[in-house]
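Take a look at the structure below.
The values are calculated or read from the model by the stated rules, or taken from the named source; none is laboratory data. Everything numeric here is computed off the predicted structure, so don't read it as measured data. Virtual Cβ from ideal backbone geometry, glycine too; neighbours counted across all protein chains shown. These accessible areas exclude ligands, DNA and RNA; they are computed on the full protein's heavy atoms, side chains included. Shrake-Rupley method; radii C 1.70, N 1.55, O 1.52, S 1.80 Å.
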Amino acid sequence: MTLQPQTVLFLLAPDVLAPKELSPFEILQLVGFATGAALHLYLCLMVYRRYGIRSAEIALLALGLSTGLWHLGNFAAAIHELLNVVGAWWWMKASNIVAYTGLAFMPPVLVHAHFRVWEWVDKNAPRKLFKPLILVGYLPLVVLPWVIIKLWSDPYEEPIKKLAPLLLPFILWFVLIFIECAAIDWRLARKWEAARERRFFEVFGTSLAVIGALFLITYVFGARRWPGGPYLELIARLSSLAPTTIIAYFIYRYRYLELVIRQSFVYAILAAVVMMVYIYGVRRFSLALDAQYGVKAEGVEALLILVVIVMAGPLRRATDHYLRRLFTREVKLYRELVAQVGAASASYGELRHFIQFAEGRLRESLELKEITIAVSGDARGEEAEICRIAEERQLTEIEEIPLLQRLKAVAAFALWREGRVVGLLVVRDAAHSLTAEKREVLLVLAGHLAAAIENCQLLEEKVKLERELGERERLAQLGQMAATVAHEVKNPLSAIKSIAQVMREDERVSREYARDLDLITGEVDRLNGAVSQLLSFSRPSSVAGAPARLSEIVESVLALSRSEAERRSVAVSSYLQSDSELNGEKVVPLKEVLLNLIFNALQAIKREGIEGIEGIEGRGGEVKIACATNGEGRLTIAVTDNGIGVPPSMQDKIFEPFFTTKTRGTGLGLAIVARRVRELGGTITLLSPVADGRGARFEIALPASIEL
């Protein structure tokens, strides 16, 4: 009996037309190449969108593009095999040309990108050697046109057979390039101080070395012909996913290259999971039910796809959750950092101690070499000017290159609090050390630092007020004591002086006790001066005089100090740019201030002569009084001498009561000066040394209200 073709087809239909299950090898091939193509091309697209073709590093773009084309070509070939298309060899030829063109460019652009990174990271890199080495890496591409023609020619054969003469040279070239790049990565790892970047280059270099060894074993030593060889060859062909996954991981976790792929990374993983679930789960389960029970595979697949769609939301959330747990260690660190900064502002009483803590903690946590915090009230020079500009222009982050260059910084952030800039956070380090993530953390911390600085300033002001209240209470008690002392001491001193003067009128007594009587009179005068200073310090200046011009006050002071200046051989001069008429209530305290400052200057010059430090006779002492009015109407009076000056260690204490360096001084002269200046509504500052490491200048700034 002869069977008709239709009968044969009918009898064979259950087997011939039965759907074919995908093997694990085919699933791994399909998913792996699809993931590789999507990941690499997507990273290229991100870099292009972020920087553009001109600003982006061409070598990095070319590396991502060549690796993406390699996977894309292999994915297209895998699709051809999966669909079991009869003929259509042009598809396979085109797929192979795309894949092997990408593979040919991969080694030279990889080494090109590594040299660029080396040049960027290491200032001592041998840049002169880079261009020749890069050109040598591209030389083997001269055979690429022949390879393309060969792959397109008929009849169709597997590329590894058609290109057999080039296989060994290409693999050796490929392995050499990958080992070279791994060595560069390991070298760069030693250049980084930050553990994060060091770890990245170490892992990346190790992955390249493993890929090189894998290609060597698979193709040179023939491991692809061993048992399980096809799987080993497939792993080698997919191995470029490893370093790219490392880069994607660091981009996701640390925003490398200032790229953000968080949600995209979640959806990419979700897509791969869904693909695996369909191919290895839904598809196989539907075919098994069809074969066993005759249930239509299409219906089962439709129902199971609906289940997958329903489960997609929870699956995405679960994927996102586990990725968050994997990548949020730094977020926890930064939260702790913010909490520590906030707590420290309350525990540190002094602002400078808090700033030292905050700077050290930021440097340690963010792995940056130099971070400084400048408080606007204490800032000087460029930092003070940048604070003013930031407040004027309402800048949160200083991004203008000229302003950053003035600060010698890679980044600066204005510390805003209640509409004003209270300080400046300045980062000075290598530009590549300040990643986008660190920049965002510093931007967030700027607000917390501003609040912390204000808290410290409020605490300092509170402590200062408490000290001032304590000081006023102590001075009030001192005033009561001074009045009692003055009452008890002044009358006896006057009596002693009168007796001494009467005794000097007796010629016999004067002749025999003249020296003793002079000593008694001098000591009584000294004690009277000390008691008078104590009284002057303990009570405010309430004596009002007649209004007077500034020149009259200065002339009066010069006249009172002339005899002492002549005795000490010191020249006292005045230079007045302003001659305002002053309120009568301000004349007496201002005269007292100037007189105290001049006598203090005369004594400083005299001490220099006595101590033999280039004495008076050798160079001559000078005391100058200068008066001027600034544009705001404030009166400035400066008393300058060329004496021994005031050591830096004493400058903070010199206006404190009872602080003195004189063996027989009371330590009240400059304290009285500071008090009288405050009563006048002004301020007094000390500058020492003035010139050549010598001299002191006391500068008094008085408000315009002291004038008539």
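For residues that are without any contact (Cβ under 8 Å) to a residue 24 or more places away in the chain and farther than 13 Å from Gln603 by Cα, scanning just region 562-576, find the one that is farthest from the chain's Cα centre (by Cα).
Ser563
Need at least 1 residues that are modelled with pLDDT under 85 and on the phi < 0 side of the Ramachandran plot per element, so show me which helices (runs of 4 or more DSSP H) inside region 193-282 make the cut, counting only ones lying wholly within it.
Details: elements: 195-215, 229-238, 241-254, 262-276.
Output list reads 195-215, 241-254, 262-276.
Being at pLDDT 85 or above and either assigned to a loop (DSSP other than H, G, I, E, B) or not charged (D, E, K, R) (or both) is the filter here, so list the residues in region 352-389 that pass it.
The answer is Ile371, Thr372, Ile373, Ala374, Val375, Ala384, Ile386, Cys387, Ile389.
Here is a list: Trp118, Trp91. Which entry is open to solvent by less than 70 Å² (accessible area, probe 1.4 Å), in a helix (DSSP H, G or I) and at negative phi? Spell out the reasoning first.
Details: Trp91 fails: open to solvent by less than 70 Å² (accessible area, probe 1.4 Å).
After applying the criteria, what remains is Trp118.
Taking Ala379 as the residue in question, decide whether it is without any contact (Cβ under 8 Å) to a residue 40 or more places away in the chain, open to solvent by less than 30 Å² (accessible area, probe 1.4 Å) and closer than 23 Å to Leu458 by Cβ. Full working, then the answer.
Values: without any contact (Cβ under 8 Å) to a residue 40 or more places away in the chain: no; open to solvent by less than 30 Å² (accessible area, probe 1.4 Å): yes; closer than 23 Å to Leu458 by Cβ: yes.
It is false that Ala379 is without any contact (Cβ under 8 Å) to a residue 40 or more places away in the chain, open to solvent by less than 30 Å² (accessible area, probe 1.4 Å) and closer than 23 Å to Leu458 by Cβ.
Restricting the search to region 678-707, which residues are of a type in the set (Val, Ile, Thr), farther than 24 Å from Ile605 by Cα and modelled with pLDDT of 85 or more?
Keep residues of region 678-707 that are of a type in the set (Val, Ile, Thr), which gives 683-685, 690, 700, 706.
Of the ones still in play, those that are also farther than 24 Å from Ile605 by Cα are 683, 706.
The one that is of a type in the set (Val, Ile, Thr), farther than 24 Å from Ile605 by Cα and modelled with pLDDT of 85 or more: Thr683.
Regarding region 161-183, can at least one residue be identified that is out of contact with any Cys (no Cβ under 7 Å at 6 or more places or on another chain) and not in a helix (DSSP H, G or I)?
Here is the first cut: in region 161-183, the ones out of contact with any Cys (no Cβ under 7 Å at 6 or more places or on another chain) are 161-183.
Filter once more, keeping what is not in a helix (DSSP H, G or I): 163.
Checking region 161-183: at least one residue is out of contact with any Cys (no Cβ under 7 Å at 6 or more places or on another chain) and not in a helix (DSSP H, G or I).
How about region 556-591: which of its residues are more than 19 Å from Ala628 (Cα to Cα) and in a helix (DSSP H, G or I)? Please lay out each step first, then the result.
If we filter region 556-591 for residues that are more than 19 Å from Ala628 (Cα to Cα), which is where we start, we get 559-571, 584-585, 588.
If the condition is that a residue be more than 19 Å from Ala628 (Cα to Cα) and in a helix (DSSP H, G or I), then Ala559, Leu560, Ser561, Arg562, Ser563, Glu564, Ala565, Glu566, Arg567, Gly584, Glu585, Val588 are the ones that fit.
Can you work out which of the residues in region 64-88 that are among the aliphatic types (A, V, I, L, M), touching a helix residue (DSSP H, G or I) at 6+ places or on another chain (Cβ under 9 Å) and open to solvent by 20 Å² or more (accessible area, probe 1.4 Å) is modelled with the lowest pLDDT? Steps first, please.
So the first thing to find is which residues in region 64-88 are among the aliphatic types (A, V, I, L, M), and the list is 65, 69, 72, 76-79, 82-83, 85-86, 88.
Of the ones still in play, those that are also touching a helix residue (DSSP H, G or I) at 6+ places or on another chain (Cβ under 9 Å) are 65, 69, 72, 76-79, 82, 85, 88.
Still in the list and also open to solvent by 20 Å² or more (accessible area, probe 1.4 Å): 65, 69, 72, 76, 79, 82, 85, 88.
Numbers: Leu65: 91, Leu69: 93, Leu72: 91, Ala76: 89, Ile79: 82, Leu82: 71, Val85: 65, Ala88: 77.
Taking the candidates together, the pick is Val85.
State whether one or more residues within region 647-663 are open to solvent by 60 Å² or more (accessible area, probe 1.4 Å), modelled with pLDDT of 80 or more, more than 40 Å from the chain's Cα centre (by Cα) and not small (Gly, Ala, Ser).
No: region 647-663 contains no residue that is open to solvent by 60 Å² or more (accessible area, probe 1.4 Å), modelled with pLDDT of 80 or more, more than 40 Å from the chain's Cα centre (by Cα) and not small (Gly, Ala, Ser).
I'd like the full set of residues that are touching a helix residue (DSSP H, G or I) at 6+ places or on another chain (Cβ under 7 Å) and in contact (Cβ under 8 Å) with a residue 40 or more places away in the chain, limited to region 187-207.
Answer for region 187-207, where residues must be touching a helix residue (DSSP H, G or I) at 6+ places or on another chain (Cβ under 7 Å) and in contact (Cβ under 8 Å) with a residue 40 or more places away in the chain: Leu188, Lys191, Trp192, Ala194, Arg196, Phe200, Val203, Phe204.
Suppose we filter region 418-446 for residues that are open to solvent by 40 Å² or more (accessible area, probe 1.4 Å) and either closer than 19 Å to Glu391 by Cβ or among the charged types (D, E, K, R) (or both); how many remain?
7
When you scan region 569-579, how many residues do you find that are loosely packed, with under 15 Cβ neighbours inside 10 Å and of a type outside the set (S, T, N, Q)?
3
Inspect region 164-186 for any residue being in contact (Cβ under 8 Å) with a residue 60 or more places away in the chain, small (Gly, Ala, Ser) and surrounded by 13 or more Cβ atoms within 10 Å (Cβ to Cβ) and give the result as yes or no.
No: region 164-186 contains no residue that is in contact (Cβ under 8 Å) with a residue 60 or more places away in the chain, small (Gly, Ala, Ser) and surrounded by 13 or more Cβ atoms within 10 Å (Cβ to Cβ).
Among all residue pairs at least 6 apart or on different chains, which show Cβ distances below 7 Å where the first residue, located in region 97-111, is touching a residue at least 12 places away in the same chain (Cβ under 8 Å) and the second is buried (at least 23 other Cβ atoms within 10 Å of the Cβ) and aromatic (Phe, Trp, Tyr)?
So the pair list comes out as Ala99/Trp70; Gly102/Trp70; Leu103/Trp70; Met106/Trp70.
Residue check: is Glu399 surrounded by fewer than 13 Cβ atoms within 10 Å (Cβ to Cβ) and over 18 Å from Leu442 (Cα atoms)?
On the way: surrounded by fewer than 13 Cβ atoms within 10 Å (Cβ to Cβ): yes; over 18 Å from Leu442 (Cα atoms): no.
No, not satisfied.
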